[in-house]
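What follows is a short report on a single structure.
The values are calculated or read from the model by the stated rules, or taken from the named source; none is laboratory data. Keep in mind that what you see is a predicted model, and the values were worked out from it rather than measured. Cβ placement follows ideal geometry from the backbone for every residue including glycine, while neighbour counts extend to all protein chains displayed.
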């Protein structure tokens with residue numbers, strides 16, 4: 001049986017979680033850290049335009065620093081992560097620097113690259129596989145604005161790295177569950193066509209990849225959780241036959257229950273009979289969950305078939321800029337006043353010749369978060385947040401917008417407040433381009449750094 | 001079969017939920033607390049009702065999947081996220097609120113709603 005934990009759900013999660021998890025669960029065999037959501041690659045692309053060596057998740061280096069005491073004391077824990085982002089090599093170098101300065105000798109870092117396919121897409125833009133999966137548009141329409149393109153590679157190169165003695169595996173874009181599948185295969189020697197076992201490991205990875213989301217975080221009944229300030233991070237105890245128990249360290253907050261596990265099973269899935277990963281096509285329709293003690297759920301029954309012959313690709317392209325501003329409106333008819341303020345801003349922009357290509361006015365607290373639904377909240381609200389968000393391909397339009405919020409403090413409705421956060425920031429928009437690429441066109445590459 | 005379900009309030013009384021994003025689509029998982037609750041949901045929580053409930057999001061279509069082993073339904077709301085993540089102008093660009101939203105659905109809506117004629 002091996003213990004695999006997760007201490008990073010997304011880039012922005014707690015840097016302290018890794019050392020805390022290891023302190024509470026010293027017999028952890030593997031630690032996965034997931035930094036790459038759909039939006040992260042765009043952020044890294046922005047960072048990289050300012051500094052060519054900044055295309056990876058810098059917070060990961062802090063995590064490495066925090067773990068050096070454990071390696072000094074003889075911990076054998078191994079890390080598997082996609083913190084490499086757009087630049088796994090520089091991420092690994094920065095790691096190696098920290099480890100060397102901390103005298104953590106004997107550790108091996110593996111750097112996995114090959115997921116970056118932007119050059120491949122550029123060479124053959126008419127390939128129908130590169131059409132936008134959501135609307136069928138050919139990639140030629142955005143080719144000159146393409147910023148990143150990364151294939152969701154699977155567990156194979158990570159497994160090879162582990163079998164070659166890597167203690168820290170740093171990759172770029174990997175299918176999130178594969179971070180958990182790789183240690184299972186390395187330890188248990190499963191074959192790549194043991195699809196039912198791969199499905200179980202993929203399910204385990206799917207459950208822990210979002211950290212506290214399976215241990216009580218964002219649960220429907222969150223207020224009923226114990227000690228919600230200290231929700232524990234998840235661990236799976238995986239057995240040779242693929243069955244696993246999902247749990248969390250003792251004396252941590254939150255809960256692991258059939259409910260919290262079911263919620264995370266249902267998170268971000270499409271057809272439950274055909275969850276596609278580069279390692280396996282998984283079916284969730286015979287999964288079974290059983291209580292196995294306090295905060296321990298035995299999970300069995302995931303079934304698998306061969307994976308697709310294409311990898312999913314997540315590409316991003318420059319698509320203008322956006323900016324959002326907010327003000328708080330207090331008083332009767334707050335919602336109507338907020339809408340009027342939004343209209344005033346748009347009128348002024350149009351009059352100045354800067355009408356934005358896209359705009360949205362919301363009254364937060366008065367039914368805008370999910371528009372149109374009937375809820376049980378009482379009568380008309382007396383306070384709300386005016387939120388106005390605009391997008392345009394020309395930065396000058398957004399520059400003009402950024403100066404239009406503050407004047408409402410003296411010419412808007414009485415009861416306008418909450419204006420001290422400064423001018424709205426302007427952020428580039430990175431459009432999302434999901435497409436496919438033939439597996440044969442992607443060749444992962446592994447390098448090693450020995451400390 | 002389902003009429004003896006004494007369910008008077010909102011979906012929250014018989015189910016829990018979680019939503020997430022996939023590009024410009026959102027998914028919402030709805031899970032019944034009991035097997036009776038799942039039987040009720042299977043009959044009444046149709047994709048038409050979900051589409052109507054979320055009409056304000058200008059959804060292009062709704063797909064529905066059943067997970068009887070987990071007493072759960074999974075809905076894909078196509079185009080619910082106005083371009084998703086980076087592109088959307090909405091405050092909830094990733095559909096994090098949709099799980100809580102669907103649980104607001106009133107039981108009368110579930111029992112009495114019929115889609116307007118002509119809606120697929």
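What tally of residues in segment B:72-81 results from selecting those that are surrounded by fewer than 22 Cβ atoms within 10 Å (Cβ to Cβ) and facing another protein chain (nearest Cβ under 8 Å)?
Residues meeting the conditions: 1.
When segment A:105-121 is examined, which residues are found to be part of a helix (DSSP H, G or I) and closer than 18 Å to residue A:432 by Cβ?
A:118, A:121
Name the strands (runs of 3 or more DSSP E) wholly inside segment A:355-445 in which the number of residues that are more than 14 Å from chain B (Cβ to nearest Cβ) is 2 or more.
In segment A:355-445, the matching strands (runs of 3 or more DSSP E) lie at A:426-438.
Pick from segment A:329-352 the residues that are outside any helix (DSSP H, G or I) and either out of contact with any helix residue (DSSP H, G or I) (no Cβ under 9 Å at 6 or more places or on another chain) or farther than 30 Å from residue B:87 by Cβ (or both): which of them is farthest from the other protein chains (Cβ to nearest Cβ)?
A:332
How many residues are touching a helix residue (DSSP H, G or I) at 6+ places or on another chain (Cβ under 7 Å), over 25 Å from residue B:104 (Cα atoms) and crowded, with 24+ Cβ neighbours inside 10 Å if we restrict to segment A:243-255?
Total satisfying the criteria: 2.
Return yes when residue A:2 is within 14 Å of another protein chain (Cβ to nearest Cβ), more than 15 Å from the chain's Cα centre (by Cα) and either modelled with pLDDT of 95 or more or farther than 29 Å from residue A:197 by Cβ (or both) and no when it is not. I'd like the intermediate steps shown before the answer.
Values: within 14 Å of another protein chain (Cβ to nearest Cβ): no; more than 15 Å from the chain's Cα centre (by Cα): yes; either modelled with pLDDT of 95 or more or farther than 29 Å from residue A:197 by Cβ (or both): yes.
No.
Would you call residue A:216 at pLDDT 95 or above and under 20 Å from residue A:8 (Cβ atoms)?
yes
Residues in segment A:30-50: is at least one over 18 Å from the mean Cα position of the chain (by Cα) and at pLDDT 95 or above?
yes
Conditions (1) part of a loop (DSSP other than H, G, I, E, B); (2) farther than 27 Å from residue A:162 by Cα, marked per residue:
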| site | (1), (2) |
| --- | --- |
| A:97 | no, no |
| A:133 | yes, yes |
| A:137 | yes, yes |
| A:140 | no, yes |
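Across segment B:39-71, which residue is nearest to the other protein chains (Cβ to nearest Cβ) among those that are touching a helix residue (DSSP H, G or I) at 6+ places or on another chain (Cβ under 7 Å) and assigned to a loop (DSSP other than H, G, I, E, B)?
B:71
Check residue A:163 against each of (1) touching a helix residue (DSSP H, G or I) at 6+ places or on another chain (Cβ under 7 Å); (2) surrounded by 15 or more Cβ atoms within 10 Å (Cβ to Cβ); (3) under 26 Å from residue A:208 (Cα atoms) and name the one condition it does not meet.
Single failed check for residue A:163: (2).
One residue is enough: does segment A:81-95 have a residue meeting the conditions in contact (Cβ under 8 Å) with a residue 24 or more places away in the chain, over 30 Å from residue A:313 (Cβ atoms) and surrounded by fewer than 24 Cβ atoms within 10 Å (Cβ to Cβ)?
Within segment A:81-95, none of the residues are in contact (Cβ under 8 Å) with a residue 24 or more places away in the chain, over 30 Å from residue A:313 (Cβ atoms) and surrounded by fewer than 24 Cβ atoms within 10 Å (Cβ to Cβ).
Given the criteria at the interface with another protein chain (Cβ under 10 Å from one of its Cβ atoms) and over 11 Å from the mean Cα position of the chain (by Cα), does residue B:25 qualify?
So residue B:25 fits the description; yes.
Identify, by number, the condition in (1) more than 11 Å from chain B (Cβ to nearest Cβ); (2) over 28 Å from residue A:308 (Cα atoms) that residue A:242 doesn't meet.
All conditions are met except number (2).
Assuming residue A:308 fulfils every condition listed in (1) surrounded by 22 or more Cβ atoms within 10 Å (Cβ to Cβ); (2) more than 12 Å from chain B (Cβ to nearest Cβ); (3) within 23 Å of residue A:182 (Cα to Cα) apart from one, which condition is it?
In the conditions (1) surrounded by 22 or more Cβ atoms within 10 Å (Cβ to Cβ); (2) more than 12 Å from chain B (Cβ to nearest Cβ); (3) within 23 Å of residue A:182 (Cα to Cα), residue A:308 misses (1) alone.
Against the conditions (1) crowded, with 23+ Cβ neighbours inside 10 Å; (2) more than 8 Å from chain A (Cβ to nearest Cβ); (3) under 30 Å from residue A:435 (Cα atoms), where does residue B:84 fall short? Just the number, please.
(2)
Condition first: part of a loop (DSSP other than H, G, I, E, B) and in contact (Cβ under 8 Å) with a residue 40 or more places away in the chain. Now tell me which residues in segment B:13-30 satisfy that.
So the first thing to find is which residues in segment B:13-30 are part of a loop (DSSP other than H, G, I, E, B), and the list is B:14, B:23-24.
If the condition is that a residue be part of a loop (DSSP other than H, G, I, E, B) and in contact (Cβ under 8 Å) with a residue 40 or more places away in the chain, then B:23, B:24 are the ones that fit.
What do you reckon, is residue A:227 modelled with pLDDT of 95 or more, out of contact with any helix residue (DSSP H, G or I) (no Cβ under 8 Å at 6 or more places or on another chain) and more than 23 Å from residue A:19 (Cα to Cα)?
No: the conditions fail for residue A:227.
What's the number of the only condition in (1) closer than 30 Å to residue B:113 by Cα; (2) exposed (fewer than 15 other Cβ atoms within 10 Å of the Cβ); (3) free of Cβ contacts under 8 Å to residues at least 12 places away in the same chain that residue A:369 fails to meet?
All conditions are met except number (2).
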